[in-house]
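S.K.: This is the structure I want to talk about, given as structure tokens.
Here, each number is a calculation from the coordinates, and none is a lab measurement. As the structure is a prediction and not an experimental result, all values here were calculated from the model. Glycine also receives a Cβ, built like all others from the backbone with ideal geometry; neighbour counts cover every protein chain displayed.
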């Protein structure tokens with residue numbers, strides 16, 4: 001009897017320490033982890049029919065991500081994130097009508113655009129017997145954009161730790177100061193504020209499956225237009241709501257985990273969207289894991305989206321030809337290969353993303369030009385000590 | 001149609017919540033596996049969020065937003 005009780009206590013303690021997402025009793029990480037990921041993001045060139053008058057080359061971005069997660073005393077953890085991006089290429093400047101009457105796009109700056117983005121975020125978490133709370137502050141800077149942000153969040157376990165309730169708040173104060181403002185009659189400097197709150201409930205369903213539902217509200221105010229577009233006039237406030245649902249199930253016989261996520265989104269620019277993705281995390285022996293994943297996304301158009309800029313309309317009238325405000329759908333697929341060798345873990349990921357108005361689940365009254373297609377490849381290394 | 005879809009989703013969610021088994025701590029070994037986490041690879045999730053935030057109109061969901069960017 002004593003042996004059985006001891007085994008249970010050992011099993012319980014081991015499980016409690018190992019639970020990454022659904023903790024029994026919260027505790028700081030038992031090991032420190034340093035992670036680094038290098039990614040290359042490459043957008044496909046536009047076709048000559050989409051942009052008859054400009055260069056066709058779009059963004060090529062290298063991303064370096066660094067993360068440190070470590071215990072800080074008995075009840076706290078430290079989280080440090082640093083990112084560095086360097087990009088070159090061009091983005092849509094304005095749209096017009098081609099000789100055949102169809103919309104065409106003109107890219108900005110051709111091969112002249114290059115920018116860097118550096119971001120640093122530091123956070124800490126305090127662990128209680130039945131929950132935890134934490135916060136972070138961050139700073140992000142580009143040649144023409146700066147953001148300072150902070151956030152708080154807390155979680156608490158109920159119902160014999162079968163249910164976890166989380167909530168959080170974040171605020172970002174951003175400043176945009178476009179390059180060549182005088183030359184191109186762009187705004188000199190503008191501000192933007194974003195405040196976001198979220199709440200979520202996670203529930204263990206049985207020994208192999210769990211479910212999470214989350215709701216977030218974001219309020220943006222200030223300069224929400226794109227200063228690099230020739231004519232882009234948007235409202236100066238936006239309210240966003242997103243409802244996310246996630247399900248996880250482990251298949252013991254297959255030694256694999258199945259993930260499915262769904263999100264509904266709506267904002268008062270008039271955009272609604274559905275996002276769903278699935279992934280299968282197949283263990284291969286003790287060392288390797290293969291993770292194929294698929295994602296589908298579709299959004300409706302903003303109320304003021306136009307696929308051909310109207311330069312004769314008054315500047316008090318909202319309008320934007322930004323393809324990101326058009327109705328479109330996107331499918332993407334990728335695969336990750338993970339090698340876990342104890343202290344070291346390496347992850348190689350390749351992904352292909354295709355956006356097209358024909359994939360849209362919503363009505364497309366004005367098909368946009370310049371929808372994005374891209375390839376992304378990443379190599380990540382984790383070291384635990 | 002939208003009301004029907006919302007009601008259906010809420011019904012499914014409620015059903016899942018009310019049909020939960022009492023899973024003891026020592027029975028949570030599979031749930032504790034790394035691949036069962038909501039976001040098994042934090043850097044991958046962060047990168048994807050950043051890309052989709054830059055190329056699509058939607059954002060948010062299961063966390064509060066971080067800092068913005070001048071992504072065009």
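S.K.: Please rank A:163, A:30, A:218, A:287, fewest neighbouring Cβ atoms within 10 Å first, as an exposure proxy. Before the final figure, lay out each step's value.
M.R.: On the way: A:163 16, A:30 9, A:218 21, A:287 12.
Ranking A:163, A:30, A:218, A:287 by Cβ neighbours within 10 Å, fewest first, gives A:30, A:287, A:163, A:218.
S.K.: Report the full-extension gain for the segment residue A:64 to residue A:80: residue separation times 0.36 nm, less the Cα-Cα distance, to one decimal in nm. Don't jump to the answer; show the numbers that get you there.
M.R.: Values: separation 16, 0.36 × 16 = 5.76 nm, distance 1.40 nm.
Taking 0.36 nm per residue and subtracting the Cα distance, the gain is 4.4 nm.
S.K.: Listed highest first by mean packing, meaning other Cβ atoms within 10 Å per residue, what order do B:24-32, A:120-128, A:177-185 come in?
M.R.: B:24-32, A:120-128, A:177-185
S.K.: With n ≥ 4 as the cut-off for DSSP H runs, can you work out [θ] at 222 nm for chain A, using -39500 (n - 2.57) per run divided by the number of residues, rounded to the nearest 500? Spell out each step's value before the answer.
M.R.: Numbers: 1 runs with 17 residues, N = 385.
Calculated mean residue ellipticity at 222 nm is -1500 deg cm²/dmol.
S.K.: Going 7 Å from the Cα of residue A:365 in the Cα-to-Cβ direction, what parts of the stretch A:285-306 have a backbone nitrogen less than 16 Å from that spot?
M.R.: Output list for this probe position: A:300-306.
S.K.: Binning every alpha carbon pair distance of the stretch A:40-193 at 5 Å from zero, what are the percents per bin?
M.R.: Computed distribution, short to long bins: 2, 8, 11, 13, 13, 12, 10, 9, 7, 6, 5, 3, 1, 0.
S.K.: Next up: I need to check one value: relative contact order of the stretch A:49-182, counting alpha carbon pairs closer than 8 Å and at least 6 residues apart, in percent.
M.R.: Numbers: 294 pairs, mean separation 24.0, N = 134.
It comes to 18 percent, rounded to a whole number.
S.K.: At 0.36 nm per residue, and after removing the present C-alpha to C-alpha distance, how many nm does the segment from residue A:49 to residue A:352 gain when stretched out fully?
M.R.: Working: separation 303, 0.36 × 303 = 109.08 nm, distance 2.27 nm.
Between residue A:49 and residue A:352, full extension yields an extra 106.8 nm.
S.K.: If you don't mind, there's one more thing I want to ask. What full-extension length gain, to one decimal in nm, is calculated for residue A:72 and residue A:143 as 0.36 nm per residue of separation minus the Cα-Cα distance? Write down the numbers at each step before the final one.
M.R.: Values: separation 71, 0.36 × 71 = 25.56 nm, distance 3.47 nm.
Length difference between fully extended and current span is 22.1 nm.
S.K.: Let me understand the protein assembly as shown better: what is its radius of gyration from the alpha carbons, and its Dmax, in angstrom?
M.R.: According to the Cα coordinates of the protein assembly as shown, Rg and Dmax are 23.2, 87 Å.
S.K.: Here is a further query. Other chains near A:323-335: what is the mean number of their Cβ atoms within 10 Å of each residue's Cβ?
M.R.: Values: counts 2, 8, 1, 1, 0, 2, 0, 3, 0, 3, 0, 2, 0.
So the per-residue partner count for this stretch is 2.
S.K.: Using a Förster radius of 60 Å, what is the FRET efficiency between residue A:34 and residue A:303 based on their Cβ-Cβ separation? Nearest 0.05, please.
M.R.: Values: r = 46 Å, r/R0 = 0.77.
After rounding to 0.05, the efficiency reads 0.80.
S.K.: Go through A:93-103, A:253-263, B:50-60 and give me the packing order, highest mean Cβ count within 10 Å leading. Intermediate values should be presented prior to the final figure.
M.R.: Numbers: A:93-103: 14.8, A:253-263: 17.0, B:50-60: 20.9.
In descending order of packing, they fall as B:50-60, A:253-263, A:93-103.
S.K.: Does anyone have the angle between helix A:2-18 and the longest principal axis of chain A? Alpha-carbon axes, 0 to 90°, nearest 10?
M.R.: 20 degrees
S.K.: Additional query: Only Cα pairs under 8 Å and at least 6 apart count here; give the relative contact order of chain A as a rounded whole percent. Numbers along the way, then the final one.
M.R.: Details: 1039 pairs, mean separation 47.7, N = 385.
Relative contact order, chain A: 12 percent.
S.K.: Sticking with this one: Take B:36, A:76 and order them by how many other Cβ atoms sit within 10 Å, fewest up front.
M.R.: Details: B:36 25, A:76 15.
Lowest to highest Cβ neighbour count: A:76, B:36.
S.K.: What FRET efficiency, computed as 1/(1 + (r/R0)^6) with R0 = 25 Å and r the Cβ-Cβ distance, is obtained for residue A:221 and residue A:266, rounded to the nearest 0.05?
M.R.: Working: r = 18 Å, r/R0 = 0.72.
Calculated value: 0.90.
S.K.: Right, something else. Across the residues of A:208-219, average count of Cβ atoms on other protein chains within 10 Å?
M.R.: Numbers: counts 7, 7, 9, 5, 2, 6, 5, 3, 7, 2, 4, 0.
Per residue, the average neighbour count from other chains is 5.
S.K.: While we're on this one: Scaled to the compact-protein estimate 2.2 N^0.38 Å, what is the alpha-carbon radius of gyration of the stretch A:151-306, rounded to two decimal places? Present the calculation step by step, with values, prior to reporting the outcome.
M.R.: Details: Rg = 20.9 Å, N = 156, 2.2 N^0.38 = 15.0 Å.
Its radius of gyration relative to the 2.2 N^0.38 Å reference: 1.39.
S.K.: Using a 10 angstrom cutoff on alpha carbons, build the Gaussian network for chain A and name the most mobile of A:57, A:351, A:129.
M.R.: Looking only at A:57, A:351, A:129, the biggest GNM fluctuation is shown by A:129.
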